[in-house]
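**Q** Sharing a structure with you now.
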Amino acid sequence: MGRRPGPRAAIDAGGLVVVMKVKVDSEKCQGHNRCYAMAPGMFKVDELGYATPRGDGTLTPDKMALAQKAVDNCPERAIEIVDE
């Protein structure tokens with residue numbers, strides 16, 4: 001049976017599946033909304049402009065570059081990519 005196309009989970013050296021997530025530190029976020037502009041669909045903002053990840057923040061391999069763009073452009077350094 002062949003493999004299905006599409007993104008696959010990252011596997012570390014020990015053979016464990018690595019789940020990458022994007023997180024926003026609400027204490028640091030100042031509502032600049034650069035993440036919202038740089039990574040469309042990845043973040044939502046509240047009525048005051050503060051960002052949170054959509055869903056639980058889980059990143060597929062094809063979304064990693066967008067998430068990194070959001071991290072790199074946050075003036076408050078409130079966004080990070082973590083493995084869980």
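Values in this text are rule-based calculations from the coordinates and carry no lab data. What you see is a predicted model, and the numbers here were worked out from it, not measured in a lab. Cβ: placed from backbone, ideal geometry, glycine included. Neighbour counts: every protein chain shown.
**Q** Within region 31-70, can you find the residues that are farther than 14 Å from V82 by Cα and part of a strand (DSSP E or B)?
**A** F43, K44, V45, A51, T52
**Q** Give all pairs with beta carbons closer than 6 Å in which a residue from region 69-84 that is within 15 Å of T58 (Cβ to Cβ) and in contact (Cβ under 8 Å) with a residue 24 or more places away in the chain meets a residue that is surrounded by fewer than 15 Cβ atoms within 10 Å (Cβ to Cβ) and among the β-branched types (V, I, T); count only pairs at least 6 apart in sequence or on separate chains.
**A** Listed by first residue and then by second, the contacts come to D83/V18; E84/V19.
**Q** Okay, moving on. For region 56-84, give me each residue that is among the β-branched types (V, I, T) and either within 14 Å of N33 (Cα to Cα) or in contact with a helix residue (DSSP H, G or I) (Cβ under 7 Å, 6 or more places away or on another chain) (or both). Before the answer, list the steps.
**A** Filtering region 56-84 for residues among the β-branched types (V, I, T) gives 58, 60, 71, 79, 81-82.
Those that are among the β-branched types (V, I, T) and either within 14 Å of N33 (Cα to Cα) or in contact with a helix residue (DSSP H, G or I) (Cβ under 7 Å, 6 or more places away or on another chain) (or both): V71, I79, I81.
**Q** Okay, next question. Restricting to region 42-84, name every residue that is among the aliphatic types (A, V, I, L, M) and buried (at least 19 other Cβ atoms within 10 Å of the Cβ). Even if it seems obvious, please write down each step before you answer.
**A** Initially, region 42-84 is screened for residues among the aliphatic types (A, V, I, L, M), giving 42, 45, 48, 51, 59, 64-67, 70-71, 78-79, 81-82.
M42, A51, L59, A67, A70, A78, I79, listed by residue number.
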